[in-house]
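K.L.:
Sharing a structure, written as structure tokens. Questions coming.
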Amino acid sequence: MLMYPEDETCPICRKTCMDKYGEHAVHCKELPGFKYRHDWVRDVLGDILRRAGISAKKEAPVNFLTDPMEGRSTLRPADLLLFGWAGGKHACVDLTGVSPLAGLRESGFVAGQAIRKAESKKVDKHAKACADNQHAFVPFAFDTFGSLAPEAIRLLTRVQKVVHNSCSSTGGQGFVFNRLGFAIQKGVAAQLVARLPALLM
């Protein structure tokens, strides 16, 4: 289904075109929906952790997460801080959402490539700073199709075991992955709806 009648330049970033299929609308970082999707998935993950009885804090100031190329001027909080998560150390969880279709015209589609690349970039940016400050680092990369990078799967699998051990109902076994997947798709839907031409609204 075509989302737009013809290609047009993105009115927000003005760097690329809003393709007919809506690809750019789900990975343009300048669009308001991009941050909404990130924050929504973070909030849902935080709620899952809370319900599982795992101690965590959202937007936790840690005073060392920054872009190594820019120094302390880019200090930012951890999306989620998991207390005592890895061998007694707190773990900084950093979420990133990407479109698996980004750059499709240039390199072609390879399943899982976008999230693995995003995960690797997060590790390169923050893992050393966390280790130097006695914290573990957990990159949490997901794409707009709902796929998860290996570290995100490992984290959710561990959370799922905690939920399973405390839940007598077999219906709760898929709770963690199902709810997170729904949150991702809701965020994507919000982005697409926000970019629909006014005449279709």
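K.L.:
When you go through Gly103, Gly112 one by one, which is the residue that is surrounded by fewer than 19 Cβ atoms within 10 Å (Cβ to Cβ), modelled with pLDDT under 70 and at positive phi?
P.N.:
Just one listed residue meets the conditions, Gly103.
K.L.:
Can you tell me which residues in region 163-179 are at pLDDT 90 or above and open to solvent by 20 Å² or more (accessible area, probe 1.4 Å)?
P.N.:
Result: Phe177, Asn178, Arg179.
K.L.:
While we're on this one: Restricting attention to region 180-191, and to residues there that are within 14 Å of the chain's Cα centre (by Cα) and not polar (S, T, N, Q), which single residue is most open to solvent (accessible area, probe 1.4 Å)?
P.N.:
Phe182
K.L.:
Cβ-Cβ under 9 Å, sequence separation 6+ or interchain: first residue in region 175-194 and within 12 Å of Val44 (Cα to Cα), partner surrounded by fewer than 17 Cβ atoms within 10 Å (Cβ to Cβ) and of a type in the set (Ser, Thr, Tyr). Which pairs?
P.N.:
Val176/Thr157; Phe177/Thr157; Gly187/Tyr36
K.L.:
Further question: Would you say Phe140 is within 24 Å of Phe182 (Cα to Cα), of a type in the set (Phe, Trp, Tyr) and modelled with pLDDT of 95 or more?
P.N.:
yes
Residue-by-condition table, conditions (1) open to solvent by 30 Å² or more (accessible area, probe 1.4 Å); (2) modelled with pLDDT of 70 or more; (3) hydroxyl-bearing (Ser, Thr, Tyr); (4) within 20 Å of Lys122 (Cβ to Cβ):
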position	(1), (2), (3), (4)
Ser55	yes, yes, yes, no
Pro77	yes, yes, no, yes
Leu80	no, yes, no, yes
Lys89	yes, yes, no, yes
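K.L.:
Only one of Glu6, Glu23, Glu59, Glu30 is open to solvent by 20 Å² or more (accessible area, probe 1.4 Å), at pLDDT below 90, of a type in the set (Asp, Glu) and more than 22 Å from Val188 (Cβ to Cβ). Can you tell me which?
P.N.:
Only one candidate passes the filter, namely Glu6.
K.L.:
Another one. Is it the case, given these coordinates, that Ile153 is open to solvent by less than 20 Å² (accessible area, probe 1.4 Å), within 23 Å of Ala60 (Cα to Cα), at pLDDT 80 or above and β-branched (Val, Ile, Thr)?
P.N.:
For Ile153, the condition - open to solvent by less than 20 Å² (accessible area, probe 1.4 Å), within 23 Å of Ala60 (Cα to Cα), at pLDDT 80 or above and β-branched (Val, Ile, Thr) - is not met.
K.L.:
In region 50-66, what residues are within 26 Å of Asp132 (Cα to Cα) and not in a strand (DSSP E or B)?
P.N.:
Ile54, Ser55, Pro61, Val62, Asn63, Phe64, Leu65, Thr66
The values are calculated or read from the model by the stated rules, or taken from the named source; none is laboratory data. If you're wondering where the values come from, they're calculated on a predicted model, not measured in any experiment. When we count neighbours, we look across all protein chains shown, and the Cβ atoms used for this are built from the backbone with ideal geometry, even at glycine. The area values use the complete protein model at the heavy-atom level, side chains included, leaving out ligands, DNA and RNA. Shrake-Rupley method; radii C 1.70, N 1.55, O 1.52, S 1.80 Å.
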